[in-house]
1. So for the stretch 14-97, Kirkwood radius off the Cα pairs, Stokes-Einstein at 37 °C and 0.692 mPa s: how many µm² s⁻¹?
2. Go through the stretch 15-24 residue by residue and turn each phi into a ³J(HN,Hα) via Karplus (6.51, -1.76, 1.60, θ = phi - 60°); whole Hz please, and just put x for glycine and proline.
3. Here are some pairs, 58/94; 23/94; 14/73; 14/94; 73/94; 23/73; which of them have Cα atoms lying more than 18 Å apart in this structure?
4. For the chain, what is the percent of antiparallel DSSP beta bridges, rounded to the nearest 5?
5. Just name one of 7, 117, 93: the one whose Cα is farthest towards the positive end of the charge dipole of the chain (beta-carbon charges, Lys/Arg +1, Asp/Glu -1).
6. Apply the Karplus curve 6.51 cos²θ - 1.76 cosθ + 1.60, θ = phi - 60°, to the phi angles in the stretch 93-103 and return the couplings in whole Hz, x for Gly and Pro.
7. Listed highest first by mean packing, meaning other Cβ atoms within 10 Å per residue, what order do 48-57, 18-27, 76-85 come in?
Amino acid sequence: MINLPTIQILIYIKETLAQYYAKVKGKNYDLLQILDIGLDFRTVCPICGGKNCARFIKYYTRGVIDENGTYYKDFPIARYLCEGRGGQSKVPHKTFSLLPYQLVPYAKHSVPFIIKMLELKHIGAIDVKASRLCG
Ligand SMILES: [Zn+2]
């Protein structure tokens, strides 16, 4: 079996990244019970389309730099497992995770932070190479 990266689904959250961290860090139950995201996997699994299929597994953590430049070394991201109840899966994945929209898949800088740095560079307030932000 090929070890593919988990599918990352961007979700809209009402919270800032700092508020998300404060609410979610240390919890070990489903993100959908903590935040009002407007998603419900009971009716449709995002991987196979099945009913009552996707279930919360756990949180994994990653490094995140939020819009204020605050670094979180253990920012929690919710991970789910598709149990294949919808039959033929459209993609060769079994798990997916829910990524707050401010985050960039597989990169630690948040989108608002990158934009802020680019704005500062544009007005000449700082001297950074944009490529360094995305590395
Ligand atoms: Zn499924």
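1. 236
2. Each residue of the stretch 15-24 in turn: 7, 6, 5, 5, 5, 4, 4, 5, 7, 9 Hz.
3. 23/94; 14/73; 14/94; 73/94
4. Of those bridges, close to 70 percent are antiparallel.
5. 93
6. Once θ is set to phi - 60°, the couplings for the stretch 93-103 become 10, 10, 10, 8, 10, 9, 10, x, 4, 6, 9 Hz.
7. Packing proxy ranking, top to bottom: 76-85, 48-57, 18-27.
All of the numbers you see were taken from the coordinates with simple rules; none came from a lab. Everything quoted here is computed from the prediction, not taken from an experiment. In this analysis, Cβ positions are derived from the backbone assuming ideal geometry, glycine residues included, and neighbour counts consider all displayed protein chains.
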